[in-house]
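Single-structure report; data block below.
The values are calculated or read from the model by the stated rules, or taken from the named source; none is laboratory data. Being a predicted model, the structure only gives us computed values, none of them experimental. For neighbour counting, all protein chains shown are included, and Cβ atoms are generated from backbone atoms with ideal geometry for every residue, glycine included. Only protein heavy atoms, including side chains, enter the accessible area calculation; ligands, DNA and RNA are left aside. Shrake-Rupley method; radii C 1.70, N 1.55, O 1.52, S 1.80 Å.
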Amino acid sequence: MGYKEMFDPRLIDLEVEATSEEEAFGIVATRLKEAGMVNDGYFNGISQREQRFPTGLITQHLNIGLPHSDPEFVEKPFIFVCRLKNQVGCCQMGDNQEMQVKDLFFLGISDGKNQVGLLQAFMNLFMDESFVKAYREAEEANTVYQLFVENI
């Protein structure tokens, strides 16, 4: 499965209300479970993995989070795009420094070999100023969906 096929307009929510990263994880985990994308252990799996290996990323144009769990919790590969109404704190990849994010991209990777490539693809997208501008201005799930499948 290619990266484009991991996107689905039904897995894009641009108005999530959460006051913490953990609350956002819970909201998205529930949605993913209802959609049959993850199993019951996903929420705990993603929370624990994020504590051990934070996935916050400060890019030149936008701070993002790329939370993902171990493959055992993923039933079907996916990317869930979550834009929060307000920023929440999370930790930066590599140095665990506190940072603020509003945009989380939950990566449902069922084959660990694809993880590094997908993370690199996201980093490349978010270093592209014109892509970030278009993403920030997008207000509808279908617009975001098209933006990603045309650029990833």
Exercise for the section: Return the only residue of V74, V149 being over 23 Å from T30 (Cα atoms) and open to solvent by 10 Å² or more (accessible area, probe 1.4 Å). Expected result: V149
Exercise for the section: Return yes or no: is V16 closer than 23 Å to I152 by Cα, in contact with a strand residue (DSSP E or B) (Cβ under 7 Å, 6 or more places away or on another chain) and aliphatic (A, V, I, L, M)? Expected result: no
Exercise for the section: Would you check if there is a residue in segment 13-20 being polar (S, T, N, Q) and in contact with a helix residue (DSSP H, G or I) (Cβ under 9 Å, 6 or more places away or on another chain)? Expected result: no
Problem - Single condition M127 does not satisfy, out of (1) closer than 17 Å to K4 by Cβ; (2) in contact (Cβ under 8 Å) with a residue 60 or more places away in the chain; (3) not polar (S, T, N, Q) - result: (1)
Problem - Filtered residues of segment 47-58 (kept if in a loop (DSSP other than H, G, I, E, B) and either modelled with pLDDT of 95 or more or surrounded by 15 or more Cβ atoms within 10 Å (Cβ to Cβ) (or both)) - result: P54, T55
Fill in the blank from the handout: Of the residues in segment 20-46, those that are touching a strand residue (DSSP E or B) at 6+ places or on another chain (Cβ under 7 Å), assigned to a loop (DSSP other than H, G, I, E, B) and open to solvent by 30 Å² or more (accessible area, probe 1.4 Å) number 1
Practice task
Might you let me know whether segment 37-46 holds any residue that is modelled with pLDDT under 95, among the charged types (D, E, K, R) and over 13 Å from L104 (Cα atoms)?
Solution key: no
Completion exercise
Within segment 62-103, residues being in contact with an Asp or Glu (Cβ under 9 Å, 6 or more places away or on another chain), of a type in the set (D, E, K, R) and over 20 Å from A121 (Cβ atoms) number 1
Handout entry: Residue within segment 130-138 that is of a type outside the set (A, V, I, L, M) and within 13 Å of the chain's Cα centre (by Cα) present
Key = no
Completion exercise
Within segment 78-97, restricting to residues that are part of a loop (DSSP other than H, G, I, E, B) and under 26 Å from Y3 (Cα atoms), the one that is most open to solvent (accessible area, probe 1.4 Å) is G94
